[in-house]
1. Of the numbered conditions (1) over 16 Å from Gln127 (Cβ atoms); (2) under 19 Å from the mean Cα position of the chain (by Cα), Trp153 fails exactly one; give the number of that condition.
2. Exactly one condition in (1) touching a residue at least 60 places away in the same chain (Cβ under 8 Å); (2) surrounded by 18 or more Cβ atoms within 10 Å (Cβ to Cβ) is not met by Lys180; state its number.
3. Has the stretch 197-216 got any residue that is closer than 19 Å to Asp129 by Cβ, touching a residue at least 40 places away in the same chain (Cβ under 8 Å) and hydrophobic (A, V, I, L, M, F, W, C)?
4. Looking only at the stretch 210-217, decide whether some residue is of a type in the set (Phe, Trp, Tyr), surrounded by fewer than 21 Cβ atoms within 10 Å (Cβ to Cβ), out of contact with any helix residue (DSSP H, G or I) (no Cβ under 9 Å at 6 or more places or on another chain) and not in a loop (DSSP other than H, G, I, E, B).
5. May I ask you to list pairs of residues, at least six apart or on different chains, whose Cβ atoms are under 6 Å apart, with the first in the stretch 26-48 being over 14 Å from Ala75 (Cβ atoms) and of a type outside the set (D, E, K, R) and the second being outside any strand (DSSP E or B) and modelled with pLDDT under 95?
6. When the residues of the stretch 2-21 are filtered to those that are at pLDDT 95 or above, farther than 14 Å from Arg202 by Cα and of a type in the set (A, V, I, L, M), which remaining residue is nearest to the chain's Cα centre (by Cα)?
7. Check Arg179 against each of (1) farther than 30 Å from Arg57 by Cα; (2) touching a Leu at 6+ places or on another chain (Cβ under 8 Å); (3) among the charged types (D, E, K, R) and name the one condition it does not meet.
8. Which one is surrounded by the most Cβ atoms within 10 Å (Cβ to Cβ), of the residues in the stretch 112-164 that are among the polar types (S, T, N, Q) and farther than 26 Å from Gly196 by Cβ?
Amino acid sequence: MTTAYTPPAYITFTGIDRADLLPGMLALSARYPIEWGVLFDVAQEGAPLFPSESVRRVLQSAPLRLSAHICGAAARSIVETGDAALDLAGFSRVQINHGRAGSSDSEIRNSALFGARQGVRAALQCQGDFPTDARVDWLYDVSFGTGVRPATWPAAKAGLPFCGYSGGLGPDTVFDTLRKFEIGAGAAYWIDMESGVRTGNRFDLAKCETVCSIVFDGHQP
């Protein structure tokens, strides 16, 4: 089904892992509403997708819109205790990727508490209709960074918390996919992509620019 097109409030490009990307990120952010997603997991620091601490500090000091995507032990600590020893200076949003089985009431409460302590809004993932629980924002995610595109997408309706979509989005799919989203009057949403803007497992700013031109300038792939 194709619906009337409503552009997202912004695009999150997740998996920034190199400091040499910074000039291009700044240039692209000056043209489009972009959030750059930085993955946190101490067990994977320095691996593709997960920047080293030194690279992360360079990013945190830049005038960019950043979101912290927290994985691994730190994510588990947040949902269990509401706390984790992380330096999130410079981040305007935090996403806690703690598991694929949804979130319990206590996990939602602790995630919201952690975000409040950082002075930012927290987000959690969902795998069905967007929850009505407004303590956090919700990202529809059945892909978990693997590039799997869902067969159907939940509706974003006015009155729901801020909603996001991810899964199989990239230069070749974003034009058609966004026109399948059911976005109610007065509702806003964001989109998140990770594997779709990588080439040979390296973050590809040219793909980010292509996506932005399709989403915000109306160019067709």
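1. (1)
2. Exception for Lys180: condition (2).
3. As a first pass, look at the stretch 197-216 and keep what is closer than 19 Å to Asp129 by Cβ: none.
No, because not a single residue in the stretch 197-216 is closer than 19 Å to Asp129 by Cβ, touching a residue at least 40 places away in the same chain (Cβ under 8 Å) and hydrophobic (A, V, I, L, M, F, W, C).
4. Yes, because at least one residue in the stretch 210-217 is of a type in the set (Phe, Trp, Tyr), surrounded by fewer than 21 Cβ atoms within 10 Å (Cβ to Cβ), out of contact with any helix residue (DSSP H, G or I) (no Cβ under 9 Å at 6 or more places or on another chain) and not in a loop (DSSP other than H, G, I, E, B).
5. Pro48/Asn201
6. Ile11
7. Failed condition: (2).
8. In the first step, residues of the stretch 112-164 are kept if they are among the polar types (S, T, N, Q); the result is 118, 125, 127, 132, 143, 146, 152.
In the following step, the residues that additionally are farther than 26 Å from Gly196 by Cβ were identified as 118, 132.
Values: Gln118: 18, Thr132: 10.
Across the stretch 112-164, the extreme among qualifying residues is Gln118.
The values are calculated or read from the model by the stated rules, or taken from the named source; none is laboratory data. Since the structure is predicted, the reported quantities are computational estimates derived from the model, not experimental observations. Note: ideal-geometry Cβ built from the backbone for every residue, glycine included; neighbour counts use all protein chains shown.
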